[in-house]
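Working notes, structure below.
Throughout, read-outs are computed from the coordinates displayed, never taken from laboratory work. Please read these numbers as outputs of a predicted model, since none were measured by experiment. Reconstructed Cβ throughout: ideal geometry from the backbone, glycine too, with neighbour counts over all protein chains shown.
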Amino acid sequence: MKHFNATHGLRRKKIYLSYHGAKQRCNNPNAPRYEDYGGRGIEFRFKSIVELFNYLGDRPEGLTLDRIDNDGHYEIGNVRWATYSEQNRNQRKPKPHNKFNADGLSAEDVLEISWLLKLGRYSQKRIADDYNTDQPNVSKIKNKVRFKHFQSCHTQ
């Protein structure tokens, strides 16, 4: 006799990937960012995708799942849909050794800016505003004029 799981009808919704990504980061030690989430005690407390969907609704275009208190858990009252720039402002402060240039951009910032530029969805001005830098710095990252020492060791 075959057993079928009741379907929630959310598999094709945008929330599906957000739900499973956050759950993996918190619960799966083999997940790429586990050490930043589950490894430091962040728990995923939603019992099901339906519970998360009922709380937040489907993920709006251009937004991602964010924890309001960055040291808190994924749970009711501590999650929202946020833009990348809102999430960027809601991060743990980078360790001083992560700073590698006079403009205050961390290595992670440069990687994220490079990724956003490759997507082609955001203007250099908007990216510069979101990362509290100036447009010439974003242009230099795009043209790989600057930060070559960092990008070359991370793009192999």
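If a/c stays under 1.5 just call it rounded; otherwise compare a/b with b/c (prolate if a/b is bigger, oblate if not). Do that for segment 10-143, with a ≥ b ≥ c from the square roots of the Cα gyration tensor eigenvalues. Write down the numbers at each step before the final one.
On the way: a/c = 2.30, a/b = 1.59, b/c = 1.45.
Prolate.
The label-point distance for Tyr55 and Leu119, in a model that sets each label 7 Å from Cα toward Cβ, rounds to 2.4 nm. Less than 5 angstrom separates the built amide H of Arg59 from those of Lys14, Ile15, all sequence-distant by 5 or more or on a different chain.
Shown in residue order for segment 65-78 are the 3J(HN,Hα) couplings computed by the Karplus curve 6.51 cos²θ - 1.76 cosθ + 1.60 at θ = phi - 60°: 6, 9, 8, 5, 9, 4, 9, x, 8, 6, 7, 4, x, 10 Hz (x for Gly and Pro).
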